[in-house]
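Single-structure report; data block below.
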Amino acid sequence: MTKASSQDASRAKSPSLESPLATALSQLRRAIDQLKLSENDWNTLSTPRRILEVAVPLRRDDGRVEMYKGYRVQYSTTRGPSKGGVRFHQDIDLDETVALAMLMTWKCALTNLPYGGAKGGVAVNPKTLSLAENERLTRRYTSEILPIIGPERDIPAPDVGTDERNMAWMMDTYSVNAGFSVPGVVTGKPIVLGGSLGRTSATGDGVAISVREALKLKGIDPKGATVAIQGFGKVGYWAALALEEMGLKVVAVSDVSGGVTGFKSVTDLQKYAKENGTLSNAPGTDGLTNTELLHLGVDVLVPAALSDAITEATASGIKAKIVVEGANAPTTPSGDAIMNDNGVIVVPDILANSGGVIVSYFEWVQDKQNYFWSAEEVKTNLSTILMRAITEVADKAKDEKLTWREAANMIGVARVAQAHRLRGLYP
Ligand code: NAD
């Protein structure tokens, strides 16, 4: 059932050009070379440790039975249990899930959380499911991956297409099988089930802190600075709110249907999107395409939707001075190279969106101790950990004349490599 083999490694090493996995592997290769690590390190770090692919049967409300592909990839468990989101999206596949699990590994190491990295999901469009179908699919997926998850093994969390409701069903399915309540098996749960205050907004809050700090380092006053955000989900919406609170001006946001500009209130916009399932035609707004949004003349651009938004085709039109990656892997290597040539500062995903896993860590700690923190404590501790990582990355980038992405990857990868060396190779 579970397999950690050279076959998986070779699958991971021959992805198509510029796929999220190709991007992640090329970034790892660069970090290994810059750190002057050995080929043994490359072999160890470029191989996902455990991959589980499952068939997830779903009985639709009308009685039809459909089969969906599900995945859970535990990329690394060297520094602690693996940790990472569960995505429900029709386009996910194993390669992308491996790539995202790899990014989680460097992200947890960069922020010094005692975790490895994981990712999972089901290749389904959740918008096609009724609430009851979504619950049955979530429970069956949980039950299929149940042997390899747990508070000491691998702790899932929400990602694209899932939310705290899915986490409640996952927690319940795991707990019913265990025979007792196990809140620490997932994070991003509702507060009454052992969730943490501040988790819902944490990724967006972290993105906003990253925007503020990058602007300050570039000598731009955050007050009044302009931002465009691609993606208006859990990350994009909360980032927009936090940025407005900091005094920045969010001038455009988008979802899969396209973008809007000219709105007065992000909160009203979200209310409209919730009621109508789309941002399109929101009253009092002007429409624009997702590409037009990427090319707006703003101070900061925040891609907060899916992978591969900033590519060879879209990067050269970017006018923002700073790009803060709310999404995972939104930039391809050629997109990255073009932005670097054009002097755009890119705050990489593993730093900019780490607020989510930082507060997930707090949630797990609170569940382990059965002792819950105030919203203020969560906020303060999030800021402390994230600011430490931002400072470390910014200093290293400046001292060694690196991009922020190179600096962040080098710090994360070096920590995992060091942990491997210290643990040694069994037997
Ligand atoms: P979500 O499902 O809540 O929202 C996704 C948003 O992206 C929606 O507004 C959707 O309409 C939009 N979108 C989808 N396809 C698009 C397209 N082709 N063009 C433009 N917009 C599109 O997901 P989320 O949790 O906000 O995650 C967004 C990104 O942030 C993902 O890359 C995810 O891995 C990453 N991330 C999420 C978290 C978290 O805590 N949720 C943490 C770290 C990183």
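Listed values for segment 259-264 are Karplus-derived 3J(HN,Hα) couplings in whole Hz (6.51 cos²θ - 1.76 cosθ + 1.60, θ = phi - 60°), namely x, 9, 9, x, 7, 9, and x replaces Gly and Pro. Evaluated over segment 202-347, the count of Lys pairs having alpha-carbon atoms less than 25 Å apart is 24 (only pairs 8 or more residues apart or interchain). Dipole magnitude for the chain: computed about the Cα centre from +1 point charges on Lys and Arg Cβ and -1 point charges on Asp and Glu Cβ, it is near 860 debye. Taking other C-beta atoms within 10 angstrom as a stand-in for reagent exposure, Leu52, Leu402, Leu293 fall in the order Leu402, Leu52, Leu293, fewest first. Centre-to-centre separation between the Cα atoms of segment 38-80 and those of segment 151-185: 16 Å.
The trypsin sites (Lys or Arg not before Pro) found in segment 212-283 that occupy coil by DSSP, while having at most 14 further C-beta atoms within 10 Å, are Lys218, Lys223, Lys264.
Viscosity 1.567 mPa s, temperature 4 °C: give me the Stokes-Einstein translational D for segment 2-181 in µm²/s, with Rh taken as the Kirkwood radius over C-alpha pairs.
On the way: Rh = 16.8 Å.
The Stokes-Einstein estimate is 77 µm²/s.
Remark on Ser76: its backbone amide H falls under 5 Å from those of Arg49, Gly117, a criterion applied only to residues 5 or more positions apart or on other chains, H modelled at 1.01 Å from N. With a simple spin-label model that places each label point 7 Å from the Cα along the Cα-to-Cβ direction, the separation between Thr278 and Ser130 comes to 2.4 nm. Close amide-amide hydrogen proximity is noted between Leu248 and Gly224, each under 5 Å apart and 5 or more residues distant or on a separate chain (H modeled in the peptide plane; Pro and chain starts excluded). With θ taken as phi - 60° and the Karplus curve 6.51 cos²θ - 1.76 cosθ + 1.60 applied, the whole-hertz 3J(HN,Hα) list for segment 81-87 is x, 7, 8, x, x, 10, 10 Hz, x standing for glycine and proline.
Per the Kirkwood formula applied to alpha carbons, the chain shows a radius of gyration over Rh ratio, Rg over Rh, of 0.95. Principal axis analysis of the Cα atoms in segment 202-347 yields extents of 41, 30, 25 Å, listed in decreasing size. The phi torsions of segment 130-140, fed into the Karplus equation with coefficients 6.51, -1.76 and 1.60 and a -60° offset, translate into couplings of 6, 4, 5, 5, 4, 5, 5, 5, 4, 5, 5 Hz, rounded to whole numbers, with Gly and Pro shown as x.
Stretching Ser257 away from Arg30 to a fully extended chain increases their span by 78.1 nm, per 0.36 nm per residue minus the current alpha-carbon distance. Taking amide H atoms as placed 1.01 Å from N in the peptide plane, the amide H of Val253 lies under 5 Å from those of Ile229, Val260, each 5 or more residues away in sequence or on another chain.
Scan the chain and hand back the longest stretch that contains none of the chymotrypsin sites (Phe, Trp or Tyr not before Pro) lying in DSSP loops with at most 16 other Cβ atoms within 10 Å. Don't skip to the end; give the middle numbers.
Numbers: sites that count: Phe180, Tyr371, Phe372.
Maximal segment without exposed cleavage sites: 181-370.
The helix-only estimate of mean residue ellipticity at 222 nm for the chain, built from DSSP H runs of length n ≥ 4 each weighted as -39500 (n - 2.57), is -15000 deg cm²/dmol after division by the residue total.
Compute, for segment 2-181, the length of the dipole vector about the Cα centre, with Cβ point charges of +1 (Lys, Arg) and -1 (Asp, Glu) only. Units Debye, rounded to 20. Write out the running numbers ahead of the final one.
Numbers: 24 positive and 22 negative charges, 61 e Å.
Value, rounded to 20: 300 debye.
Here, each number is a calculation from the coordinates, and none is a lab measurement. Computed from a predicted structure; not experimentally measured. Backbone-built Cβ (ideal geometry, glycine too); neighbour counts: all protein chains shown.
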